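Below is one structure, written out as C-alpha coordinates; comments come after it.
The values are calculated or read from the model by the stated rules, or taken from the named source; none is laboratory data. Only a predicted model underlies this, so the values are computations on that prediction, with no experimental measurement involved. For neighbour counting, all protein chains shown are included, and Cβ atoms are generated from backbone atoms with ideal geometry for every residue, glycine included. In case anyone asks, the SASA skips ligands and DNA or RNA and just uses the protein heavy atoms, side chains included. Shrake-Rupley method; radii C 1.70, N 1.55, O 1.52, S 1.80 Å.
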Amino acid sequence: MLAAITYTAYGMSALPLNLIKGTRSAAYERLENTEDIEEVEQHIQTIKSKSKDGRPLSVRDKRTLKQLEERLRALKKRERHLEFIENSWWTKLCGALRPLKIIWGIFFILVALLFVISLFLSNLDKALHSAGVDSGFIIFGANLSNPLNMLLPLLQTVFPLDYILITIIIMYFIFTSMAGIRNIGIWFFWIRLYKIRRGRTRPQALLFLCMILLLIVLHTSYMIYSLAPQYVMYGSQNYLIESNVTYDDHKGNSTLSVPKRCDADAPEDQCTVTRTYLFLHKFWFFSAAYYFGNWAFLGVFLIGLVVSCCKGKKSVIEGVDEDDSDISDDEPSVYSA
(Lines give C-alpha, C1' and ligand atoms only; values in the text may rest on other atoms or scores of the structure.)
Protein backbone atom coordinates (compact mmCIF):
# COMPACT_ATOMS: atom_id res chain seq x y z
CA MET A 1 0.00 0.00 0.00
CA LEU A 2 2.82 2.40 0.87
CA ALA A 3 4.56 1.62 -2.42
CA ALA A 4 1.36 2.28 -4.35
CA ILE A 5 0.76 5.56 -2.50
CA THR A 6 4.33 6.71 -3.12
CA TYR A 7 4.93 5.64 -6.71
CA THR A 8 1.66 4.64 -8.42
CA ALA A 9 -0.32 7.69 -7.29
CA TYR A 10 2.40 10.07 -8.46
CA GLY A 11 3.03 8.11 -11.66
CA MET A 12 -0.66 8.29 -12.62
CA SER A 13 -0.31 12.07 -12.87
CA ALA A 14 3.33 12.34 -13.99
CA LEU A 15 3.23 9.82 -16.87
CA PRO A 16 0.41 11.40 -18.96
CA LEU A 17 1.58 14.98 -18.39
CA ASN A 18 5.17 14.10 -19.33
CA LEU A 19 3.90 12.48 -22.53
CA ILE A 20 1.84 15.55 -23.36
CA LYS A 21 4.55 18.13 -22.54
CA GLY A 22 7.45 16.17 -24.06
CA THR A 23 11.11 17.14 -23.61
CA ARG A 24 13.10 20.24 -24.46
CA SER A 25 14.74 20.64 -27.85
CA ALA A 26 18.26 19.17 -28.00
CA ALA A 27 19.43 21.96 -30.33
CA TYR A 28 18.13 24.67 -27.98
CA GLU A 29 19.72 23.00 -24.95
CA ARG A 30 23.01 22.70 -26.81
CA LEU A 31 22.93 26.43 -27.64
CA GLU A 32 22.32 27.29 -23.98
CA ASN A 33 25.10 24.92 -22.91
CA THR A 34 27.55 26.57 -25.35
CA GLU A 35 26.75 29.98 -23.87
CA ASP A 36 27.36 28.61 -20.36
CA ILE A 37 30.72 27.18 -21.45
CA GLU A 38 31.82 30.54 -22.86
CA GLU A 39 30.75 32.33 -19.67
CA VAL A 40 32.62 29.89 -17.41
CA GLU A 41 35.76 30.11 -19.57
CA GLN A 42 35.67 33.91 -19.30
CA HIS A 43 35.47 33.70 -15.50
CA ILE A 44 38.42 31.27 -15.46
CA GLN A 45 40.50 33.58 -17.63
CA THR A 46 39.62 36.54 -15.38
CA ILE A 47 40.83 34.72 -12.26
CA LYS A 48 44.00 33.41 -13.96
CA SER A 49 44.84 36.92 -15.18
CA LYS A 50 45.31 37.99 -11.56
CA SER A 51 48.46 35.83 -11.28
CA LYS A 52 50.11 36.93 -14.54
CA ASP A 53 52.41 39.38 -12.74
CA GLY A 54 53.70 36.62 -10.43
CA ARG A 55 51.39 37.24 -7.50
CA PRO A 56 49.89 34.06 -6.01
CA LEU A 57 46.14 33.64 -6.01
CA SER A 58 44.26 34.03 -2.76
CA VAL A 59 42.63 31.04 -1.08
CA ARG A 60 39.22 32.28 -2.15
CA ASP A 61 40.30 32.63 -5.80
CA LYS A 62 41.84 29.14 -5.79
CA ARG A 63 38.64 27.65 -4.42
CA THR A 64 36.56 29.55 -6.98
CA LEU A 65 38.91 28.50 -9.80
CA LYS A 66 38.62 24.84 -8.80
CA GLN A 67 34.83 25.06 -8.76
CA LEU A 68 34.77 26.73 -12.17
CA GLU A 69 37.05 24.08 -13.69
CA GLU A 70 34.79 21.32 -12.36
CA ARG A 71 31.81 23.18 -13.76
CA LEU A 72 33.55 23.49 -17.13
CA ARG A 73 34.27 19.75 -17.26
CA ALA A 74 30.62 18.99 -16.50
CA LEU A 75 29.43 21.40 -19.20
CA LYS A 76 31.77 19.88 -21.80
CA LYS A 77 30.56 16.41 -20.93
CA ARG A 78 26.99 17.66 -21.27
CA GLU A 79 27.95 19.16 -24.65
CA ARG A 80 29.12 15.76 -25.89
CA HIS A 81 25.88 14.11 -24.77
CA LEU A 82 23.74 16.80 -26.38
CA GLU A 83 25.64 16.54 -29.65
CA PHE A 84 25.18 12.77 -29.68
CA ILE A 85 21.47 12.99 -28.84
CA GLU A 86 20.83 15.70 -31.42
CA ASN A 87 22.25 13.52 -34.23
CA SER A 88 20.81 10.16 -33.06
CA TRP A 89 18.10 8.28 -34.92
CA TRP A 90 16.21 7.79 -31.64
CA THR A 91 15.63 11.53 -31.29
CA LYS A 92 14.34 11.77 -34.86
CA LEU A 93 12.01 8.81 -34.25
CA CYS A 94 10.67 10.37 -31.03
CA GLY A 95 10.04 13.61 -32.91
CA ALA A 96 8.05 11.76 -35.56
CA LEU A 97 5.98 9.97 -32.88
CA ARG A 98 5.23 13.16 -30.98
CA PRO A 99 1.50 13.32 -31.96
CA LEU A 100 1.08 9.69 -30.87
CA LYS A 101 2.63 10.51 -27.49
CA ILE A 102 0.16 13.34 -26.99
CA ILE A 103 -2.75 11.00 -27.80
CA TRP A 104 -1.44 8.41 -25.34
CA GLY A 105 -1.00 11.13 -22.71
CA ILE A 106 -4.59 12.28 -23.08
CA PHE A 107 -5.78 8.65 -22.89
CA PHE A 108 -3.74 7.97 -19.74
CA ILE A 109 -5.01 11.08 -17.97
CA LEU A 110 -8.62 10.11 -18.79
CA VAL A 111 -8.04 6.60 -17.41
CA ALA A 112 -6.44 8.11 -14.30
CA LEU A 113 -9.47 10.34 -13.75
CA LEU A 114 -11.74 7.30 -14.16
CA PHE A 115 -9.81 5.43 -11.45
CA VAL A 116 -9.72 8.44 -9.14
CA ILE A 117 -13.47 9.06 -9.47
CA SER A 118 -14.25 5.38 -8.86
CA LEU A 119 -11.96 5.24 -5.84
CA PHE A 120 -13.38 8.47 -4.42
CA LEU A 121 -16.99 7.30 -4.78
CA SER A 122 -16.15 3.94 -3.22
CA ASN A 123 -14.43 5.56 -0.24
CA LEU A 124 -17.22 8.09 0.12
CA ASP A 125 -19.72 5.23 0.15
CA LYS A 126 -17.79 3.57 2.99
CA ALA A 127 -17.57 6.83 4.93
CA LEU A 128 -21.33 7.41 4.68
CA HIS A 129 -22.78 3.92 4.98
CA SER A 130 -20.31 1.75 6.90
CA ALA A 131 -20.31 1.01 10.63
CA GLY A 132 -17.07 2.93 11.19
CA VAL A 133 -13.48 2.08 11.96
CA ASP A 134 -14.34 -0.80 14.32
CA SER A 135 -15.78 -2.73 11.38
CA GLY A 136 -12.96 -1.77 9.01
CA PHE A 137 -15.37 0.44 7.04
CA ILE A 138 -16.80 -2.73 5.49
CA ILE A 139 -20.11 -2.40 3.64
CA PHE A 140 -22.10 -5.25 2.12
CA GLY A 141 -23.21 -3.79 -1.15
CA ALA A 142 -22.67 -0.52 -2.97
CA ASN A 143 -24.93 2.43 -2.26
CA LEU A 144 -23.03 4.87 -4.51
CA SER A 145 -22.34 3.39 -7.92
CA ASN A 146 -19.10 4.13 -9.72
CA PRO A 147 -18.21 3.44 -13.37
CA LEU A 148 -15.92 0.43 -12.80
CA ASN A 149 -18.30 -1.11 -10.27
CA MET A 150 -21.04 -1.10 -12.90
CA LEU A 151 -18.82 -2.17 -15.79
CA LEU A 152 -17.03 -5.21 -14.34
CA PRO A 153 -20.16 -7.23 -13.32
CA LEU A 154 -21.61 -6.46 -16.74
CA LEU A 155 -18.50 -7.72 -18.54
CA GLN A 156 -18.41 -10.84 -16.38
CA THR A 157 -21.44 -12.17 -18.21
CA VAL A 158 -19.32 -12.50 -21.38
CA PHE A 159 -16.16 -14.54 -20.78
CA PRO A 160 -13.36 -13.38 -20.69
CA LEU A 161 -14.07 -9.63 -20.97
CA ASP A 162 -13.78 -9.00 -17.22
CA TYR A 163 -10.38 -10.73 -17.11
CA ILE A 164 -9.20 -8.61 -20.03
CA LEU A 165 -10.25 -5.41 -18.26
CA ILE A 166 -8.56 -6.48 -14.99
CA THR A 167 -5.38 -7.29 -16.94
CA ILE A 168 -5.48 -3.84 -18.54
CA ILE A 169 -5.95 -2.25 -15.09
CA ILE A 170 -2.98 -4.17 -13.64
CA MET A 171 -0.76 -3.29 -16.62
CA TYR A 172 -1.80 0.35 -16.26
CA PHE A 173 -0.77 0.27 -12.60
CA ILE A 174 2.59 -1.26 -13.57
CA PHE A 175 3.30 1.37 -16.25
CA THR A 176 2.34 4.26 -13.98
CA SER A 177 4.32 2.77 -11.09
CA MET A 178 7.43 2.49 -13.27
CA ALA A 179 6.94 6.12 -14.32
CA GLY A 180 6.66 7.14 -10.68
CA ILE A 181 9.79 5.20 -9.70
CA ARG A 182 11.72 6.67 -12.62
CA ASN A 183 10.71 10.23 -11.67
CA ILE A 184 11.15 9.90 -7.91
CA GLY A 185 13.96 7.35 -7.64
CA ILE A 186 14.45 4.77 -4.89
CA TRP A 187 14.74 6.31 -1.44
CA PHE A 188 15.34 5.13 2.11
CA PHE A 189 13.48 7.81 4.07
CA TRP A 190 15.36 11.02 3.14
CA ILE A 191 18.37 9.24 1.58
CA ARG A 192 18.33 8.64 -2.17
CA LEU A 193 19.68 5.17 -2.90
CA TYR A 194 19.36 4.83 -6.68
CA LYS A 195 17.97 6.48 -9.78
CA ILE A 196 16.29 4.63 -12.62
CA ARG A 197 17.83 5.65 -15.96
CA ARG A 198 17.44 3.92 -19.30
CA GLY A 199 20.62 2.03 -20.12
CA ARG A 200 22.42 3.33 -16.98
CA THR A 201 20.68 1.70 -14.01
CA ARG A 202 22.60 -0.28 -11.43
CA PRO A 203 21.68 -3.97 -10.98
CA GLN A 204 20.80 -3.32 -7.33
CA ALA A 205 18.35 -0.62 -8.43
CA LEU A 206 16.72 -3.06 -10.85
CA LEU A 207 16.25 -5.56 -8.00
CA PHE A 208 14.61 -2.86 -5.89
CA LEU A 209 12.45 -1.92 -8.88
CA CYS A 210 11.23 -5.51 -9.32
CA MET A 211 10.52 -5.86 -5.60
CA ILE A 212 8.49 -2.63 -5.50
CA LEU A 213 6.51 -3.65 -8.60
CA LEU A 214 5.71 -7.04 -7.04
CA LEU A 215 4.40 -5.32 -3.92
CA ILE A 216 2.28 -2.95 -6.02
CA VAL A 217 0.81 -5.84 -8.04
CA LEU A 218 0.01 -7.57 -4.73
CA HIS A 219 -1.76 -4.42 -3.56
CA THR A 220 -3.92 -4.32 -6.70
CA SER A 221 -6.02 -7.17 -5.26
CA TYR A 222 -7.34 -4.70 -2.69
CA MET A 223 -7.40 -1.84 -5.16
CA ILE A 224 -9.79 -3.86 -7.33
CA TYR A 225 -12.05 -4.26 -4.29
CA SER A 226 -11.94 -0.51 -3.69
CA LEU A 227 -12.66 0.27 -7.34
CA ALA A 228 -15.39 -2.36 -7.83
CA PRO A 229 -16.73 -3.73 -4.51
CA GLN A 230 -19.79 -5.36 -6.09
CA TYR A 231 -17.62 -7.33 -8.50
CA VAL A 232 -15.28 -8.52 -5.73
CA MET A 233 -18.09 -9.43 -3.30
CA TYR A 234 -20.58 -11.23 -5.52
CA GLY A 235 -19.48 -10.98 -9.14
CA SER A 236 -22.43 -11.62 -11.45
CA GLN A 237 -24.33 -13.90 -9.06
CA ASN A 238 -28.11 -13.69 -9.04
CA TYR A 239 -30.75 -15.10 -6.72
CA LEU A 240 -34.46 -15.74 -7.21
CA ILE A 241 -37.20 -13.84 -5.40
CA GLU A 242 -40.85 -14.69 -5.53
CA SER A 243 -43.19 -12.06 -6.91
CA ASN A 244 -46.98 -12.21 -6.90
CA VAL A 245 -48.62 -11.38 -10.22
CA THR A 246 -52.36 -10.65 -10.48
CA TYR A 247 -54.33 -11.50 -13.66
CA ASP A 248 -57.44 -9.37 -14.22
CA ASP A 249 -59.02 -11.82 -16.69
CA HIS A 250 -59.02 -14.78 -14.34
CA LYS A 251 -59.09 -12.72 -11.16
CA GLY A 252 -56.40 -14.84 -9.65
CA ASN A 253 -52.82 -14.58 -8.42
CA SER A 254 -49.71 -16.49 -9.44
CA THR A 255 -46.19 -16.55 -8.13
CA LEU A 256 -43.21 -15.92 -10.40
CA SER A 257 -39.53 -16.29 -9.64
CA VAL A 258 -37.67 -13.16 -10.66
CA PRO A 259 -33.84 -13.08 -10.77
CA LYS A 260 -32.14 -10.30 -8.83
CA ARG A 261 -28.48 -9.31 -8.55
CA CYS A 262 -26.85 -10.47 -5.31
CA ASP A 263 -26.34 -7.75 -2.73
CA ALA A 264 -26.28 -7.27 1.03
CA ASP A 265 -29.98 -8.19 1.33
CA ALA A 266 -29.57 -11.51 -0.46
CA PRO A 267 -30.04 -14.76 1.54
CA GLU A 268 -26.75 -16.36 2.55
CA ASP A 269 -27.68 -19.77 1.12
CA GLN A 270 -28.21 -18.33 -2.37
CA CYS A 271 -25.31 -15.88 -2.70
CA THR A 272 -21.71 -16.69 -1.86
CA VAL A 273 -19.36 -13.92 -0.82
CA THR A 274 -15.80 -14.22 -2.14
CA ARG A 275 -13.00 -15.37 0.17
CA THR A 276 -11.07 -12.14 -0.35
CA TYR A 277 -13.94 -10.07 0.95
CA LEU A 278 -14.45 -12.37 3.94
CA PHE A 279 -10.75 -12.04 4.79
CA LEU A 280 -11.02 -8.25 4.85
CA HIS A 281 -14.23 -8.51 6.88
CA LYS A 282 -12.65 -10.80 9.46
CA PHE A 283 -9.39 -8.88 9.84
CA TRP A 284 -11.02 -5.46 10.01
CA PHE A 285 -7.83 -3.61 10.95
CA PHE A 286 -6.35 -4.36 7.50
CA SER A 287 -9.46 -3.01 5.83
CA ALA A 288 -9.36 0.13 8.01
CA ALA A 289 -5.71 0.73 7.13
CA TYR A 290 -6.46 0.31 3.42
CA TYR A 291 -9.41 2.69 3.74
CA PHE A 292 -7.23 5.52 5.05
CA GLY A 293 -4.54 4.50 2.56
CA ASN A 294 -6.98 5.12 -0.28
CA TRP A 295 -7.54 8.68 0.91
CA ALA A 296 -3.77 9.15 1.05
CA PHE A 297 -3.57 7.71 -2.49
CA LEU A 298 -6.05 10.32 -3.73
CA GLY A 299 -4.18 13.09 -1.93
CA VAL A 300 -0.81 12.11 -3.42
CA PHE A 301 -2.39 11.92 -6.88
CA LEU A 302 -3.73 15.48 -6.58
CA ILE A 303 -0.39 16.76 -5.25
CA GLY A 304 1.45 14.99 -8.07
CA LEU A 305 -0.97 16.48 -10.60
CA VAL A 306 -0.27 20.00 -9.36
CA VAL A 307 3.50 19.42 -9.26
CA SER A 308 3.54 17.88 -12.76
CA CYS A 309 1.53 20.79 -14.15
CA CYS A 310 3.86 23.38 -12.59
CA LYS A 311 7.09 21.70 -13.68
CA GLY A 312 8.50 22.64 -17.04
CA LYS A 313 9.65 20.34 -19.80
CA LYS A 314 12.32 17.81 -18.94
CA SER A 315 15.81 18.00 -20.34
CA VAL A 316 16.45 15.64 -23.21
CA ILE A 317 19.40 14.20 -21.22
CA GLU A 318 17.89 14.43 -17.76
CA GLY A 319 19.76 12.30 -15.24
CA VAL A 320 22.98 12.06 -17.25
CA ASP A 321 24.88 14.73 -15.32
CA GLU A 322 24.89 12.96 -11.96
CA ASP A 323 26.93 9.77 -11.96
CA ASP A 324 25.45 7.11 -9.69
CA SER A 325 25.94 4.32 -12.20
CA ASP A 326 28.73 1.87 -12.76
CA ILE A 327 28.46 2.71 -16.46
CA SER A 328 30.55 5.68 -17.47
CA ASP A 329 28.66 8.73 -18.64
CA ASP A 330 31.47 9.48 -21.06
CA GLU A 331 29.98 6.84 -23.37
CA PRO A 332 26.64 8.20 -24.60
CA SER A 333 23.76 5.83 -25.00
CA VAL A 334 21.08 6.19 -27.62
CA TYR A 335 18.49 5.23 -24.97
CA SER A 336 19.25 8.40 -23.03
CA ALA A 337 17.01 10.20 -25.48
**Message:** By the 4.7 Å beta carbon criterion, which cysteine residues of the chain come out unpaired?
**Reply:** C94, C210, C309, C310
**Fill in**
Given trypsin sites (Lys or Arg not before Pro), DSSP loops and at most 16 other Cβ atoms within 10 Å, the longest exposed-site-free stretch of the chain is 53-197
**Item:** Whole-percent carbon and sulfur share, accessible surface of the chain, 1.4 Å
**Value:** 63 percent
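Filter the cross-link list K66/K92; K101/K195; K50/K76; K126/K282; K77/K101 down to pairs whose alpha-carbon distance in this structure exceeds 27 Å. Numbers along the way, then the final one.
Details: K66/K92 38 Å; K101/K195 24 Å; K50/K76 25 Å; K126/K282 17 Å; K77/K101 29 Å.
Beyond 27 Å: K66/K92; K77/K101.
Ignoring GluC sites (Glu not before Pro) that are buried or in helix or strand per DSSP, and keeping those with at most 12 other beta carbon atoms within 10 Å, what is the longest stretch of the chain between them?
On the way: sites that count: E268, E322.
With a cap of 12 other Cβ atoms within 10 Å, the longest stretch comes to 1-267.
Can you tell me what share of the DSSP beta bridges in the chain is antiparallel? A percent to the nearest 5 is fine. List each step's numbers first, then the result.
Details: 13 of 14 bridges.
Restricted to the chain, the bridges split so that about 95 percent are antiparallel.
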**Complete:** Relative contact order in percent for the chain (Cα pairs under 8 Å, 6+ apart) equals 32 percent
**Request:** Please turn the phi angles of segment 9-20 into ³J(HN,Hα) values with the Karplus equation 6.51 cos²θ - 1.76 cosθ + 1.60 (θ = phi - 60°), one per residue in order, whole Hz, x for glycine and proline.
**Result:** 4, 6, x, 5, 9, 6, 4, x, 5, 5, 5, 6
**Complete:** The simple spin-label model distance between R198 and R24, using points 7 Å out along Cα→Cβ, in nm, is 1.8 nm
